[in-house]
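The values are calculated or read from the model by the stated rules, or taken from the named source; none is laboratory data. Nothing here was measured: the structure is a model prediction, and the numbers come from that model. Cβ atoms come from the backbone with ideal geometry, glycine included; neighbour counts cover every protein chain shown.
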């Protein structure tokens, strides 16, 4: 995936007359103001653990260089304030964890959490997750994908912005190694139905709803759902090994 000219990232795409292109994205950018603790964590760790957005535009961009080693890769979409990231990454020192999060104060919170946990195998990036999957990650390059409590986009008119849709499911699955796992969780019942319908229909994935993953810590987002008696839905899907031949062809073409 190196030495290529990548298309413009979201928010940088322009129309022919030079205006910013309106796009349907799975997130909205929030404020960037830091608390004192976040500012301290950012100052201490961002140079080592945060990949600048503009870095991915370089033709020679390499995740391996940012991690400083070759290791199995885990990608987390929407790491929030790093509660799950820190615990799960610290338990997997032999893996690299790429945490995709567009909210900078959340990344700053995550930095002190991963530092406190000793999880030096995490790198954060604020680039759109779908764009990153498509343009930064090669087919069959991800051992696990984590998507815990993605934005449910509750209003009907906004549901087109949900991350889990057929196109994104096919893309995500193509990035998993054969047998690679995609773990998801949500506390919104209609999003749980959508996740099951979409992922069950993706021919390269096998799996379904499972018992709560006991390694995943109870995060702030999960507590919010539990506080109002919402049921937590956990899912586990794996890239079908039957799709290995097709993946091999995609790798050759990448």
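Observations on the structure shown:
- Considering region 185-211, and only residues there that are touching a helix residue (DSSP H, G or I) at 6+ places or on another chain (Cβ under 6 Å) and not in a helix (DSSP H, G or I), the residue that is nearest to residue 224 (Cα to Cα) turns out to be 187.
- Hey, residue 41 buried (at least 16 other Cβ atoms within 10 Å of the Cβ), over 19 Å from the mean Cα position of the chain (by Cα) and modelled with pLDDT of 95 or more or not: yes
- In region 212-224, of all residues being crowded, with 17+ Cβ neighbours inside 10 Å and not in a loop (DSSP other than H, G, I, E, B), the one that is modelled with the lowest pLDDT corresponds to 221.
- Of all residues making up region 225-254, the number that are part of a loop (DSSP other than H, G, I, E, B), within 30 Å of residue 106 (Cα to Cα) and either modelled with pLDDT under 90 or in contact with a strand residue (DSSP E or B) (Cβ under 8 Å, 6 or more places away or on another chain) (or both): 1
- Qualifying residues in region 93-126 (those that are in a loop (DSSP other than H, G, I, E, B) and touching a strand residue (DSSP E or B) at 6+ places or on another chain (Cβ under 7 Å)) - the one nearest to residue 150 (Cα to Cα): 101
- Enumeration of residues in region 50-83 that are in a helix (DSSP H, G or I) and either touching a helix residue (DSSP H, G or I) at 6+ places or on another chain (Cβ under 9 Å) or under 29 Å from residue 178 (Cβ atoms) (or both): 55, 56, 63, 64, 65, 66, 67, 83
- Residue in region 78-92 that is closer than 20 Å to residue 136 by Cα and crowded, with 17+ Cβ neighbours inside 10 Å present: yes
- Checked against the criterion of being touching a residue at least 60 places away in the same chain (Cβ under 8 Å), touching a strand residue (DSSP E or B) at 6+ places or on another chain (Cβ under 6 Å) and farther than 25 Å from residue 53 by Cα, region 178-198 has at least one qualifying residue.
- Check on residue 219, farther than 24 Å from residue 113 by Cα and in contact (Cβ under 8 Å) with a residue 40 or more places away in the chain: no
- Residue pairs meeting the criteria (Cβ under 7 Å; at least 6 apart or on separate chains; first under 19 Å from residue 221 (Cα atoms), in region 144-169; second modelled with pLDDT under 90 and in a helix (DSSP H, G or I)): 149/221; 153/159; 153/161
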